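Chemist: Take this structure first; my questions come after.
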Amino acid sequence: QVQLVESGGGLVQAGDSLRLSCAASGRTLTSMGWFRQAPGKEREFVAAIDHGGGRILYAESVKGRFTIYRDNAKNTVDLQMNSLKPEDTAVYYCAGRSWGATMYPNDYPTWGQGTRVTVSS
């Protein structure tokens, strides 16, 4: 049984940076992703990375601002978020799957509990 625990959320101002971290316990998952859900909206893809880092995906809305990192030795995946905007406000979830990285939430069977990010204008 794999468990994912996110950390690093908080309240920041527009233009600030924040780094989220996801720690996985149990077996290593092939691909890890970050998703987010804003109030009243559906969960949406943010970024994903496969085990070797050879396949990295980003949502268009975060390209150039967010970077996903993976440390297989520590079994962690981080999301560095720069130039944050109010529209980045959401609960951010870490997710994992035993196959290649994709952009679709339904492809990921394992989820963390989420960490809240609030960006004020």
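The values are calculated or read from the model by the stated rules, or taken from the named source; none is laboratory data. Keep in mind it's a predicted model, so treat the numbers as computed, not measured. Glycine also receives a Cβ, built like all others from the backbone with ideal geometry; neighbour counts cover every protein chain displayed. Side chains are part of the model used for accessible areas, which takes the heavy atoms of the whole protein and leaves out ligands, DNA and RNA. Shrake-Rupley method; radii C 1.70, N 1.55, O 1.52, S 1.80 Å.
Chemist: Report, by residue number, each residue of the range 15-40 that is of a type in the set (A, V, I, L, M) and either open to solvent by 30 Å² or more (accessible area, probe 1.4 Å) or not in a loop (DSSP other than H, G, I, E, B) (or both).
Modeler: Once the filter is applied, which keeps residues that are of a type in the set (A, V, I, L, M) and either open to solvent by 30 Å² or more (accessible area, probe 1.4 Å) or not in a loop (DSSP other than H, G, I, E, B) (or both), the range 15-40 yields LEU18, LEU20, ALA23, ALA24, MET32.
Chemist: Test VAL12 against the criterion of being in a strand (DSSP E or B), surrounded by fewer than 21 Cβ atoms within 10 Å (Cβ to Cβ) and in contact (Cβ under 8 Å) with a residue 24 or more places away in the chain, and give yes or no.
Modeler: For VAL12, the condition - in a strand (DSSP E or B), surrounded by fewer than 21 Cβ atoms within 10 Å (Cβ to Cβ) and in contact (Cβ under 8 Å) with a residue 24 or more places away in the chain - is met.
Chemist: So which of ARG70, ARG36 ends up being in contact with a Phe, Trp or Tyr (Cβ under 9 Å, 6 or more places away or on another chain), among the basic types (Lys, Arg) and within 29 Å of GLN1 (Cβ to Cβ)?
Modeler: Just a single option satisfies the conditions, and that option is ARG36.
Chemist: Continuing with the same structure: (1) at pLDDT 95 or above; (2) at negative phi; (3) of a type outside the set (S, T, N, Q): which one isn't true of ARG27, the others all being true?
Modeler: Exception for ARG27: condition (1).
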